[in-house]
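Read the structure below first, then the notes.
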């Protein structure tokens with residue numbers, strides 16, 4: 001099968017997924033990923049449909065494969081890091097979740113979703129202080145609430161040291 005045929009079939013599967021026909025997308029992606037095991041984009045889309053279908057354990061090897069190869073665009077790489085980290089967390093693999101999500105935050109420091117999922121994984125590993133710091137900084141820097149904006153300097157000060165008292 002040619003690369004152009006692969007791209008055509010991948011686009012069809014992604015379209016099916018976006019239209020809510022996730023099982024049909026999975027049926028198209030499985031043979032495609034078998035035919036193109038080195039294709040990061042195919043592996044990522046295969047991981048996504050497994051994740052949406054609640055087949056998290058089956059999604060993991062596809063996420064891992066997608067991140068081991070070159071070929072993912074920035075948005076897909078961001079999605080793969082978030083998806084894999086979140087999936088590890090759902091499966092109770094908290095250390096791997098933290099490691100993956102830290103890598104995601106390192107590569108995409110402005111991504112609030114990655115920071116939020118990292119905070120959840122840190123909570124699961126007992127790193128409550130760091131989890132709260134991440135969330136407080138996220139709230140302080142992204143909230144549109146006038147009340148939060150009014151107290152942003154105080155929130156950021158306390159985020160730096162939650163044990164601080166007056």
* Can you give the relative contact order of the range 54-125 as a percent, counting alpha carbon pairs under 8 Å and 6+ residues apart? -> 28 percent
* Structure fact -> Taking Cα atoms, the helix 74-90 axis meets the longest principal axis of the chain at an angle in degrees (rounded to 10) of 80 degrees
* Asked: Relative contact order, percent, of the range 1-66 when contacts are C-alpha pairs under 8 Å separated by at least 6 residues?
  -> 26 percent
* Provide the packing ranking of 29-40, 98-109, 136-147, i.e. peptides ordered by the mean count of other C-beta atoms within 10 Å per residue, highest first. => 98-109, 29-40, 136-147
* Structure fact -> Rounded to two decimals, the Debye log10 I(q)/I(0) of the chain (Cα scatterers, no solvent) at q = 0.09, 0.20 Å⁻¹ is -0.38, -1.18
* Asked: Which ordering of 8, 64 is given by a fewest-first count of other beta-carbon atoms within 10 Å?
  -> 8, 64
* Between the range 44-91 and the range 95-144, the alpha-carbon center distance in angstrom -> 18 Å
* Going by C-beta contacts inside 10 Å, put 17, 129, 50 in order with the fewest on the left. => 129, 17, 50
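None of the figures in this text is laboratory data; all of them are computed from the coordinates on show. Computed from a prediction, not measured in an experiment: that's the story for all the values here. Positions of Cβ are generated from backbone atoms using ideal geometry, with glycine treated the same way; all protein chains shown enter the neighbour counts.
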